[in-house]
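The values are calculated or read from the model by the stated rules, or taken from the named source; none is laboratory data. Nothing here was measured: the structure is a model prediction, and the numbers come from that model. Using ideal geometry, Cβ is built from the backbone for each residue, glycine included, and neighbour counts are taken over all protein chains shown. Quick note on the areas: whole protein, heavy atoms, side chains included, nothing else; ligands and nucleic acids left out. Shrake-Rupley method; radii C 1.70, N 1.55, O 1.52, S 1.80 Å.
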Amino acid sequence: MGNPVTLVELWRGGIFESAHQGHAVICDGSGQIIDAWGDPDMVIFPRSSCKMVQALPLIESGAADAFGLSDADLALACASHSAAHIHTDRVREWIAALDYSDADFRCGPAMPADIEARNDLIKTDSSPCQYHNECSGKHSGFLTVVKHLKAGPEYVEVDHPLQKAFRQSFEDVTQQDSPGFGLDGCSAPNFATTVHGLARAMAFYATAQDRNDLRSQAAARLTQAMTAFPEMVAGKAQSSTDLMQAMDGKVAVKSGAEGVFIAIIPEKRIGVALKITDGAGRARDCVIADILVRLGVLDPMHPTAIKYRNPRILNRNGWDTGEMRPVMD
């Protein structure tokens, strides 16, 4: 795991209890490191934090415009959604317009994270479908490209034209050859890169509005869609949505499994990537909130900043038992 550093500590009764370590990089528009913690060259899987890169072929191929996708659709293509009705209703409409059905997805079924949607399934004794999968928006984007290119149905295969296009885009924006790939939770290939490479990719997105080439235009469009429709990117009480809403659409952020988080900050032309080595989501959320505060784009006194950056540790009775805090100095 390279040389991770402690980024988060937990204290109980005034005594240190535990810590989370990891790596983080802040890049400028040229791809140079502005600040870093741990090992920038640590190779990681970006997991769902790179969905806006996976969505590049959706725009670059012409598929998004050919099928009249809205900005809300593009945000959903970048999403790890909670399967609330606003997400699944749109996914079902989207694939129906393509003459596809749930059976055409390759992401697998999953129970909704949204409590209301989950309870609806339980109350009706219904099984979850693939459109309930948190990645079904991304896979709707995949199917749109497949339809546009008249490509084969097994679009998650690494040698499929869609995945070849994604790998090329991914290596271009990270400015690194990927050392390999693993299968993500939704069965799509997830190509590895370094923390620096992922931050460099996010800096590409943060500066995309400064360029006129097709890829930059696509990156700017996806960033704008995410910030305009943060509720589509994750959902109620989800850190990605909460943080974007707290920053009034000025910053795009996206979490990934196993402790990954990115930020795209166009007004500062900065990209951020981090990885918590033990994969803890609570530490991932704490660190990204702290970096956003440090960069001056998130008010430290905003309730959302406090919720993720300095949460109190409560027991079952609701009593205050300790605190979690970033220690990135």
Sticking with the crude label model, points 7 Å out along Cα→Cβ, report the distance from I306 to K150 in nm, one decimal please.
6.0 nm
Starting from the Cα-Cα distance between D71 and Q168, subtract it from 0.36 nm times their residue separation and give me the gain in nm to one decimal.
32.5 nm
Please get the size of the charge dipole for the stretch 137-214, origin at its Cα centre, with Cβ charges of +1 on Lys and Arg and -1 on Asp and Glu, quoted in debye to the nearest 20.
200 debye
Rounding to the nearest 10 and keeping the result within 0 to 90°, find how far the Cα-based axis of helix 195-206 lies from the longest principal axis of the chain.
70 degrees
Inter-label distance, nm, simple model (7 Å from Cα along the C-beta direction), L98/N3:
4.6 nm
By how many degrees, 0 to 90 and rounded to 10, does the Cα axis of helix 214-228 deviate from the longest principal axis of the chain?
60 degrees
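With a probe of 1.4 Å, find how much accessible area the chain has per residue, and write the answer as a whole number in Å².
On the way: 13520 Å² over 329 residues.
So the chain comes to 41 Å² accessible per residue, rounded to a whole number.
Rounded, prolate or oblate: which one fits the stretch 242-314, using the alpha carbon gyration tensor with axes a ≥ b ≥ c (rounded when a/c is under 1.5, else prolate when a/b beats b/c, else oblate)? Present the calculation step by step, with values, prior to reporting the outcome.
Numbers: a/c = 2.02, a/b = 1.16, b/c = 1.74.
It comes out oblate by the Cα gyration axes.
With a/c under 1.5 counting as rounded, go ahead and sort the chain into rounded, prolate or oblate using the C-alpha gyration tensor (a ≥ b ≥ c being the square roots of the eigenvalues; past the cut-off, prolate if a/b is larger than b/c, else oblate).
On the way: a/c = 1.75, a/b = 1.27, b/c = 1.39.
Oblate, since a/c reaches 1.5 and b/c is not below a/b.
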Against the longest alpha carbon principal axis of the chain, how many degrees, from 0 to 90 and to the nearest 10, is the axis of helix 136-149 turned?
30 degrees
Assigning unit charges at the beta carbon (Lys, Arg +1; Asp, Glu -1) and nothing else, what dipole magnitude in debye, to the nearest 20, does the chain show about its Cα centre?
260 debye
Taking a ≥ b ≥ c as the square roots of the Cα gyration tensor eigenvalues, with a/c under 1.5 meaning rounded and otherwise prolate when a/b beats b/c, else oblate, which class fits the stretch 9-151?
oblate
Could you work out the relative contact order of the stretch 4-146, using alpha carbon pairs under 8 angstrom and six or more residues apart, expressed as a whole percent?
22 percent
Quick check on the chain: helices-only [θ] at 222 nm, where DSSP H runs of length 4 and up contribute -39,500 (n - 2.57) each and the sum goes over total residues. Nearest 500, please.
-11500 deg cm²/dmol
Under a crude label model (7 Å from the Cα following the beta-carbon direction), how far is D210 from I122 in nanometres?
5.0 nm
Identify unpaired cysteines across the chain, taking unpaired to mean no other cysteine Cβ lies under 4.7 Å from the residue's Cβ.
C27, C50, C78, C129, C286
Backbone N under 12 Å from the N315 label point (7 Å along Cα→Cβ), restricted to the stretch 1-38
13
Quick one: with all protein chains in place, what share of the accessible area of the chain is carbon or sulfur, to the nearest percent (1.4 Å probe)?
49 percent
Please go through the stretch 228-329 and write out the chymotrypsin sites (Phe, Trp or Tyr not before Pro) that DSSP classes as loop and that have at most 11 other C-beta atoms within 10 Å.
W319
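Within the stretch 185-218, which trypsin sites (Lys or Arg not before Pro) sit in a loop by DSSP and count at most 16 neighbouring Cβ atoms inside 10 Å?
Details: sites: R200, R211, R215; in loops: R211.
The qualifying sites are R211.
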